[in-house]
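The values are calculated or read from the model by the stated rules, or taken from the named source; none is laboratory data. Keep in mind that this is a model prediction, so the values were computed, not measured. Cβ placement follows ideal geometry from the backbone for every residue including glycine, while neighbour counts extend to all protein chains displayed. When the accessible area is computed, the model is the full protein with side chains, heavy atoms only, and any ligands, DNA or RNA have been set aside. Shrake-Rupley method; radii C 1.70, N 1.55, O 1.52, S 1.80 Å.
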Amino acid sequence: MSSEWEVVVDAGAVLGEGPHWDGERLWWVDIEGHLIHRTDVGDRSDEVIDVGEKVSSVIPRRGGGFVAGYPDGVGFHGADGRHETRLLIEESDAHSRMNDAKCDPLGRLYTGTMTQGGASSALYRVDHDLGVSTVVDGVGISNGLGWSPDGTRMYYIDTPTQRLDVFDYDPQRGRCENRRPLIDFSQRAGYPDGLTVDAEGCIWVALWTGWAVHRFDPEGGLMQQISLPVSKPTSCAFGGPDLDRLFITSASVELSDAELADQPLSGALFEVSPDCRGQPGVPFDG
């Protein structure tokens, strides 16, 4: 594989996150910048929507428009970007906000929260009828999500645990059970953040403060390491016409002036060309 990185957009994002390939463009967010990005990875043009508040995730809807994560829940937008309605999930907690989100193979939305001050957060499932269920509680920072190519495994990161866990998953019912640790990051550089799963079933994890993205086999063995020029990669997703390019978001938040001078590309969107392909992004079917 080529581990040479390229800059797609030098966006200077405060907290870039949540890349999602829709078949034509890459969607991603700058949480603290209140921005949704839609990037043409061919000509490098970047369309930006300012939503006026923290936005933690963005996923297209199967019927058009998109769903985005906000402090108190998820908002539904039309194709023109206009905010139409909101599904409140944690409206009573002023210290929490939605964080990473992704859809399962049948288009159910999984979205988790993080809470300032160490209070407990959770991972939620939003079904096709917009019913909300708590999937995991007692969470520190709900982060990376992904599914194996056959849909029978769900991967999940609660960052403060320093682990990537795996669940047995029933894609027809949208049920996960038998949670167990798969990868321990406590002795590795950085903290596990966002993830994606490629077509071979291998798991790619962005390492916050780890300057890298790592690829693991389905049993948790380290296979590859991609070094980056920034300390805070946040998440990754496959995209491009052949799903053979890995796109990586990053952050500049809480870096000192000296650190920013040393890593001026912090907050950029990067790409690398690994020797594998990803799975198509799944839109929200609700």
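A few points about this structure:
- Residue of S142, S120, S266 that the Gaussian network model of the chain assigns the largest fluctuation, springs spanning Cα pairs under 10 Å: S120
- The string of couplings for segment 7-15 from the Karplus curve (6.51, -1.76, 1.60, θ = phi - 60°) is 8, 8, 9, 8, 7, x, 4, 5, 9 Hz, one whole number per residue in order, with x for Gly and Pro.
- Between the labelled values (i) 13.7; (ii) 15.4; (iii) 18.9, the entry that holds mean projected area of the Cα convex hull in nm² as derived from this structure is (i).
- Computed about its Cα centre, the charge dipole of the chain is approximately 580 debye, with only Lys, Arg, Asp and Glu carrying charge at their Cβ.
- Full-stretch length increase - R173, D150 - with 0.36 nm per residue and alpha-carbon distance subtracted: 6.8 nm
- Pairwise label distance in nanometres, S186 with L260, each label 7 Å out on the Cα-Cβ vector: 3.6
- Given R0 = 35 Å, the distance between the Cβ atoms of E53 and R277 translates into a calculated FRET efficiency of 0.50.
- Each label was represented as a point 7 Å from its Cα along the Cα-to-Cβ direction; for R62 and D10 these points are 4.2 nm apart.
- P(r) histogram, all alpha-carbon pairs of segment 60-193 included - 5 Å bins from 0, percent: 2, 10, 20, 22, 19, 15, 8, 3, 1, 0
- Bins of 5 Å, starting at 0 and running to the largest distance - Cα pair percent for segment 106-177: 4, 16, 27, 26, 17, 8, 2, 0
- For segment 127-286, with +1 on Lys and Arg beta carbons and -1 on Asp and Glu, the positive-most of V197, T209, T152 along the dipole: T209
- Here the relative contact order of the chain, from alpha carbon pairs under 8 Å that lie six or more residues apart, stands at 20 percent.
- Å² per residue, accessible surface of the chain at 1.4 Å: 40
- For segment 17-131: relative contact order, % (alpha-carbon pairs under 8 angstrom, 6 or more apart): 15
- Choice from H34, H95, H20 with maximal GNM fluctuation in the chain (Cα, 10 Å cutoff): H95
- Evaluated at q = 0.18, 0.23, 0.27 Å⁻¹: base-10 log I(q)/I(0), Debye formula over Cα of segment 203-254: -0.59, -0.86, -1.04
- Using θ = phi - 60° and Karplus 6.51 cos²θ - 1.76 cosθ + 1.60, couplings along segment 54-64 (whole Hz; Gly, Pro as x): 4, 10, 9, 7, 8, 9, x, 9, 4, x, x
- With all protein chains in place and a 1.4 Å probe, the accessible surface of the chain carries 45 percent carbon and sulfur.
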